[in-house]
Structure formats: C-alpha cells, structure tokens
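Undergrad: Quick one: this structure, given as structure tokens, is what I'll be asking you about.
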Amino acid sequence: MERGQVSLRFPWESVLASAGLVAGARAAWIAGRDGYASIGLWNLAASSASRHDLSLLLPVLLAAIVLAWLARRTGPAGRGVLFVAGAALTFLLVIGHLFGPTFHAPGFHTSREKLAHAGALAAALGSTALLLSARRWSRALARLAALGVGLLTLAALGIRIVRPVSSTRAKGPNVILISLDTVRADRLGCYGYPLATTPEIDRFFARSSVRFTRAMSPQPFTLTAHMSLFTGLVPQVHGVAVEQPLAQGVPTLPRLLAQAGYLTFGIADPIYWLAPRYGFSRGFHLYRQMYGTAAQRNDALEPLLADLDDERFFLFLHYYDAHSDHALTPYNARPEDQELLAGWYHGSFSPTDDQGRWGTARLWAMNEEGRTLEDPEDRRYLSSLYDAGLRTLDAALGDLFDLLEELGRTEDTIVVLTSDHGEEFFEHGRVLHTQLYQDTLHVPLLFRLPRKPARSTCAELVSLVDVAPTVLDLVGIAPPAGLDGTSLAGLIRGGDGALDREQVVVGWEQAGLLTGDWSLLPPGHGDPRWRLFHLASDPGELRDLLSEGAPPPQGERLLELARREGLRLAEQRERIGKAEPVPLEEKTVEALRELGYAGE
C-alpha cells in the first residue's frame, strides 16, 4: 500500500483507543467536578473515576464502531462531516451535556473551568481524529493507545473490586441531615395535616423513627436558624447576622464529625444566606451550593452515595423548593400537584400586582405596605399553592428515600429531617416568615435510626439547637460544653423522663420564651411590644394578654425569666467573641432586593 492510501481494514485498534480516551476523559472531567482529589480524598477520586470510566466504556465503544463503519463507506467530504459531528458529540458527552445532568456541568466562569473545557475539546478532537484516520502513523499510535486503554481498564476493574476506603474511619453510623427550607410542621401528614402533601416523608419515617411534635426554630430566618442547627447555640449567642459571620473558635457539627473521622459533605441551594462566608463550609470536606430542584439533585446524590460505599460520612442536604421564589406564581409545583391541591380555585388571583411584581417580591411588598388579600378564597389559594409545592418536594424526597433503601443505607445511617422555619398565610396579618408565631416557629423534627426501635412520638418541647448535640450523642461523640441545646438521644431511644429545662429561647435581638403552655414573644422587626399568649387555651395566638392590662402571675414570672435569660445569653455571647464583619456588596444587595429580601 502506498503512502497516504486509505486502508480498508477495520481499525479495531483505533476504535479501542478512541473509546478508551473518551471514557477516560469523561471520568477525569467528573472527577475534577467532584473535587475529591483536590482535598486529598484519593480513594474516593479513584473509585469515582473508575466507576464512571467503566460505565461509559461499552456504550462509547459501540458508538465508535458505528462511526468507524460509516467512515469506511463514505468519501472525503462525508468523512469531514463525520469528523465535525463526531467531535462535537464527543465534546458534549465529555462535559456532561449528553447522558448527564447538564445543570451539574461546570460553566466558563473561572480559569479552571475554561481549562477543563479546553481539555475536553482536545480529547474530543484527538479521539475523533484517531478513529477516522487510516494513516500508518495513526494506526501505530492507536496500537499504543489501545494498550494503554487496556491497562487502565484493568486498573479500573481492580479499583472497583478492592474498593479502597479511608485510612481514618469513624466508628458510628452515617448521618444524613435534611433541611427543608420554609416547611411548617402542621403541613406534614405525619403531623396531622389532612391533605396529601407528604406521603413519602410519612412513609419513610413511619418505622424506626421518632417524631418530635413540639420542635421550635429559635428564629424564622434561614441564615440564623441554620447556624443554630450547626452550632447548638441560639442566635443571640452565635451572633451570626447579615454582615456578621460565625466566630472562628465556635465548633460546628460538621467540624466535630470530621475530627472524629467522618467524611463530611454539604449540598445546599445557592442562596446567599448559606454561603461559606458565614462559616457554613467549616468542617466540610466538600461544601457545594448547587442549582437545581430536589428532583434534579438526586442525579448528583446517587453517584455520591455510590462513591462513599463503605466510608463513614455525614451528609447535609438543604432543599429550597418549598420556599417562595421569583417565579410567576408565589410557590412552584408540578402541574399535577397544583391541580390536586390548588385546582379547586377559580377566582381572579393575579400572578402579578399592579406594579408588575411577582413571587417573593410581591409577597414582601404586601408586608411592607401593610396590604393583605381581601378575599378569603385568595388567601386559601395562596396556602394551597404552598401545599402543592411541598408535595412536589416530597415526591423528589421519595426518590431519595428509595435510593437509600436500595443501597441498604437505612441499615447504617441516621436520617434526620427538619426545617429552619415555617411560613405565614395572613394568620397574623402578614405572609412569608417575619413574625414570631407558631406558624413560623413550629418545625418538623424527625429522626430515623438504623435497625433500632424508637418511640413513635415525643411531645417534649425541643429546639433546633438540640439537633447538633443529639447527632453527636447518637454517634458516640461527647457534645462540647457550653451549648444552649441538649441531647435528645435518651428520648429518641425511648428513655423515660423529661428534659431538664422548662423553656426554649426564641426571638430576634432579645430573648423570648416558649414553655409547655405559654408563648412570650419579644419585640423585633419594628414591633416594640412584648406579647404573651396562653397556648393551651389560645393555640392560634390571637389574644395578647399583655395588651389587656396587668399580666397574669405566670406572665410576670416569664418576663423576669426572660430578663435573666437575656443577661445570661449576653455573657455567653461575650465569651465567644466576634469575627470581623463582612459588609454586603452592592450587587448582592440588588440581588436580594430582587428576591424581596431587602427593603427600599
């Protein structure tokens, strides 16, 4: 055969080499996206890369055979078209835009992301050229590449068989902590709600679980409530605020678990209030704020759980799906869920107001301007849209629960589900979550334990600050001293007796108190009043006893107790100290204002 002549022999070496290069490039791309190697988790990086390489090798090999077969039956012009098409499809495959969740693919924002795309393009062009070229030099190169592919494939098989684990491993069970942003307890079926909002949550936590019927958020604000969840400290003590991050010396749940040998991962919605700048990433080996709905997040969770395999891990999952947002309707849901729970409405509720505002911005404007929805049916419809959004979130959680059961994770994992705060629907004249009432403070709190019976319900008054010490206690780690929260492990395991405290703290700058029968709410957010409600006779908190003259004796005692508690918390805050403030940038303020979070 003369130099330059096209060979008619089927290029098996080129097919093998090209398929191996593409599969390896995709595996390398995913490994880079996962970031295991960048933090020294080489065992996870090797496990992830080998799994993705092997899973893609066969389909890519079949595609390479088809492309090579077509190339042998076409002329130079057709071969050029095949090269362009093959390189383009290969590039999209490597970067995850084919047969992968595109919303997880890196963008073009950083130099690292641009370099990754350049590498993917080089792999696409090289593998396609290797496949379609029939020159002698390319065939010789293909033989060497095919040999390398074979060795790498054997190495990947070996990694999948051996499944290396970390040298330092925790001894307790895994922990998955799920936070459902803006979910009030009384809208869950397992908390007595008559509508079918949460069938999957109800099913999953129907066994080996305990449901706390009186769990309270210390403050209805995503930023501060989540920091209380992580630190076991009330907001008046941890001191985190809009421009104030967590002080460096404060231990957090992920940091304490990481120090005990757990691999710690956090996946949160990309809202500003959970940004690393506030201290949320401390203690996490990997902390990501990831776009996408709960259903889309499952595409990322399945490979992560597969990579973790025999590792001991803590996984924090935050879902924003039930929260109002800047979409056209105030709360988003699948069409079938909206029809099921809000399809009854045939009124004239408009998605936008007279100034063109919608979603959270519209609801926030109603609060700022002191307006309400006059028609009771409109108010009920707004509440029904929220129910529909919760059911959509629940369906995605059902897929996650099914995955945990399929992987056998329920046998070695504690699963905790809670929320940072609830939501109002004009029960006290406002919407969203700006006031200190049971509508915003009462949150779900459910623990599912692996292979251990647990009492089904517990009526003790508890708080989000109790979650961190409880998780530590359940996995065998002593909670640090000085926490506002206390471990609920004894109650979860079915122990007798009550907690050694009378009240939990709620409030903004000043500390209010909730007891078994009473709610003492402090001033805040422009309201200068203290308010007192007798929950036993007034569960809707409609009759403020302090506005009726002299408070009853129990109210006097609670006011004095709140005063002493405020002094104690201030001393505790002083001991912790403060981190340097981090002022908001103007572009951040504008973004928050668009979502309705910032006033004029």
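All of the numbers you see were taken from the coordinates with simple rules; none came from a lab. For clarity, every value in this text was computed on a predicted model and none was experimentally measured. As a convention, Cβ positions derive from the backbone with ideal geometry for all residues, glycine included, and neighbour counts pool all protein chains shown.
Undergrad: Around Ser208, what is the net charge, scoring Lys/Arg as +1 and Asp/Glu as -1 over all other residues with Cβ under 9 Å from its Cβ? The partial results should precede the final answer.
TA: Values: positive: Arg207, Arg448, Arg451, Lys452; negative: none.
My count for the surroundings of Ser208 gives +4.
Undergrad: Sticking with this structure for a sec: Run the reach check for Lys578 against aspartates and glutamates, Cα to Cα strictly under 13 Å, same-chain hits fewer than 8 apart removed. What comes back?
TA: Answer for Lys578, where 13 Å is the Cα cut-off: Glu243, listed by chain and number.
Undergrad: What does the charge count around Leu397 come to, taking other residues whose C-beta lies under 12 Å from its C-beta (Lys +1, Arg +1, Asp -1, Glu -1)?
TA: On the way: positive: Arg203, Arg297, Arg391; negative: Glu200, Asp202, Asp321, Asp394, Asp399, Asp402.
Charge balance in the 12 Å sphere: -3.
Undergrad: Can you give the translational diffusion coefficient of the chain in µm²/s, computed by Stokes-Einstein from the Kirkwood radius over Cα pairs at 10 °C and 1.306 mPa s?
TA: Details: Rh = 26.8 Å.
Reported coefficient: 59 µm²/s.
Undergrad: For Thr434, Thr418, which order do you get if you count the other beta carbons within 10 Å of each Cβ and list the fewest first? Could you put the intermediate results ahead of the total?
TA: Working: Thr434 17, Thr418 22.
Arranged by neighbour count, lowest to highest, Thr434, Thr418 become Thr434, Thr418.
Undergrad: Express the C-alpha Rg of segment 216-333 as a ratio against the empirical globular expectation 2.2 N^0.38 Å, rounded to two decimals. Numbers along the way, then the final one.
TA: On the way: Rg = 15.1 Å, N = 118, 2.2 N^0.38 = 13.5 Å.
Here the Cα radius of gyration is 1.12 times the empirical estimate.
Undergrad: Also, I was wondering about something else. List the lysines whose Cα lies under 19 Å from the Cα of Lys171, skipping any in the same chain that are fewer than 8 positions away.
TA: Lys452
Undergrad: Report the percentage of all Cα-Cα pairs in segment 301-359 whose separation exceeds 17 Å, rounded to a whole percent.
TA: Counting every Cα pair in segment 301-359, those more than 17 Å apart make up 61 percent.
Undergrad: Taking each full run of DSSP H in the chain as one helix, which ones are at least 18 Å long along their axis (Cα atoms) and have mean Kyte-Doolittle hydropathy of at least -1.0? Don't jump to the answer; show the numbers that get you there.
TA: Details: long enough: 12-34 (33 Å, 0.54); 42-71 (40 Å, 1.28); 76-94 (26 Å, 1.72); 111-132 (32 Å, 0.78); 136-162 (39 Å, 1.23); 294-308 (20 Å, -0.08); 376-406 (45 Å, -0.33); 553-576 (35 Å, -1.12).
Long hydrophobic helices here: 12-34, 42-71, 76-94, 111-132, 136-162, 294-308, 376-406.
Undergrad: About its Cα centre, how strong a charge dipole does the chain have in debye, to the nearest 20, once Lys and Arg get +1 and Asp and Glu get -1 at the Cβ?
TA: Values: 57 positive and 68 negative charges, 743 e Å.
Result for the chain is approximately 3560 debye, rounded to the nearest 20.
Undergrad: Quick check: net charge around His421, other residues with Cβ under 9 Å of its Cβ, Lys/Arg +1 and Asp/Glu -1? Walk me through the numbers before you get to the answer.
TA: Numbers: positive: Arg184; negative: Asp181, Asp420, Glu423.
Computed value for this residue: -2.
Undergrad: Any idea how far the Cα center of segment 407-472 sits from the one of segment 258-328, in Å?
TA: 18
Undergrad: Using only the Cα atoms of segment 257-302, each taken as one equal point scatterer with no solvent, compute I(q) by the Debye sum, divide by I(0), and report log10 of the ratio at q = 0.20, 0.24 Å⁻¹.
TA: -0.70, -0.89
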